[in-house]
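**Q** My structure is below; once you've seen it, I'll send some questions.
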């Protein structure tokens, strides 16, 4: 009687060992002296130093169904950046410096070139943010995922001095709201995109070249290129102005309408003037082709604002000078109950 193996059941242990060795070299450039033990151990070790009264700040996220488009297009080089930056941006709004990042990747079967591309994107984003890619887990799960499918999630830990935490409690009526531009959808709203554009039934639409998606150039980009634009990190952009910021909101799923209230104290509201910023053309294309209402667009997408910063109006000039491409996009007003957002 023939003996069966784990490989016959769909789990390739040799491939798993091979990718572990490849990952070590990919993540090594993100490791500084604080990393005492990283990839390969049961637990990653990080020495926290340089703080007087540190508070740890953590966040976890995924990239949602943007993964589906990456799989459709066989493009895996930037999706790891999406994962890292989606998580890191969620802790910098507290004023925290990202320290280390861990990932979880679940696949139907290992394709080591795909896994290496995903990890390389994570490492690139971590290195840019000064964050160690310290460890993670890659799980082969045949029967749970269809062939070629996978899912990924990330976990970031950062630190901030206790007296430097940004929580929005000092926000007052009259404060300025400053927006940092987004470059597209980031990692939110892709289920609506796929449904609205019929991409599951017609994935070839991703290859359509649209001149309007690249204004000011002689050649357009494809719809797929615009949709896979990586979620940027705002760490470097906001770090110089943290001392004068009262609060920050990372504009993710739910848009300005749902994310801005998360930092507003009772008794204030946020008023935005949509004429003060540029909406990336991918949103215009989506709205026009899919007949999505403006209200729904602002409930689902960031609509051109990737991060919203609140400061005293006397500090607005300094913030605008310190943050590339930032614009004053609104102001804080009095509001019943707090947390109301209006967009004119």
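Coordinate-derived values only; no laboratory data. What you are looking at is a predicted structure, and each value in this text was computed from that prediction instead of being measured. Methodologically, a virtual Cβ is constructed for each residue, glycine included, from the backbone with ideal geometry; neighbour enumeration extends over all protein chains shown.
**Q** Ignoring solvent entirely, what values of log10 I(q)/I(0) come out of the Debye formula for region 13-164 at 0.15, 0.17, 0.18 Å⁻¹ when each Cα is a single scatterer?
**A** -0.75, -0.93, -1.03
**Q** Still on this structure, please answer the following. Nearest 10 degrees, 0 to 90: what angle lies between the long axis of helix 112-129 and the longest principal axis of the chain (Cα atoms)?
**A** 30
**Q** If every alpha-carbon in the chain counts as one equal scatterer, what log10 I(q)/I(0) does Debye give at q = 0.11, 0.13, 0.14 1/Å?
**A** Summing over Cα pairs of the chain leads to -0.78, -1.05, -1.17.
**Q** Relative contact order for the chain: what percent, with Cα pairs under 8 Å and sequence separation of 6 or more?
**A** Relative contact order for the chain comes out at 21 percent.
**Q** Shape verdict for region 235-344, please, from the Cα gyration tensor: rounded (a/c under 1.5), prolate (a/b greater than b/c) or oblate.
**A** oblate
**Q** If one computes the Cα centroid of region 265-339 and of region 34-73, what distance in Å separates the two points?
**A** Using only Cα atoms, the two centres lie 29 Å from each other.
**Q** Just want the ordering: 81, 266, from fewest to most Cβ atoms lying within 10 Å of their own Cβ.
**A** Taking fewest neighbouring Cβ atoms as first place, the list is 266, 81.
**Q** Sorted from largest down, give the three principal axis spans of the alpha carbons of region 173-228, whole angstrom values.
**A** Result for region 173-228: principal-axis Cα extents of 49, 31, 14 Å.
**Q** Checking the a/c ratio against 1.5 first, then a/b against b/c, what shape does the Cα gyration tensor give for region 138-219?
**A** oblate
**Q** Using the 10 angstrom Cβ neighbour count as an exposure proxy, how do 170, 201, 225 rank, fewest first?
**A** Fewest to most other Cβ atoms nearby, the residues stand as 201, 170, 225.
**Q** Give me 341, 210 ranked fewest to most by other Cβ atoms within 10 Å of their Cβ, as a rough exposure proxy.
**A** The most exposed by this proxy come first: 210, 341.
**Q** Return one number: the angle in degrees, 0 to 90 and rounded to the nearest 10, between the long axis of the Cα atoms of helix 281-290 and the longest principal axis of the Cα atoms of the chain.
**A** Orientation of helix 281-290: about 80 degrees from the principal axis.
**Q** If I histogram all Cα-Cα distances within region 54-141 using bins 5 Å wide from 0, what percent of pairs lands in each bin?
**A** Histogram of Cα-Cα distances, whole percents per bin: 3, 13, 25, 26, 16, 10, 5, 2, 0.
**Q** Of 72, 303, 122, which has the largest mean-square fluctuation in a 10 Å C-alpha GNM of the chain?
**A** 72
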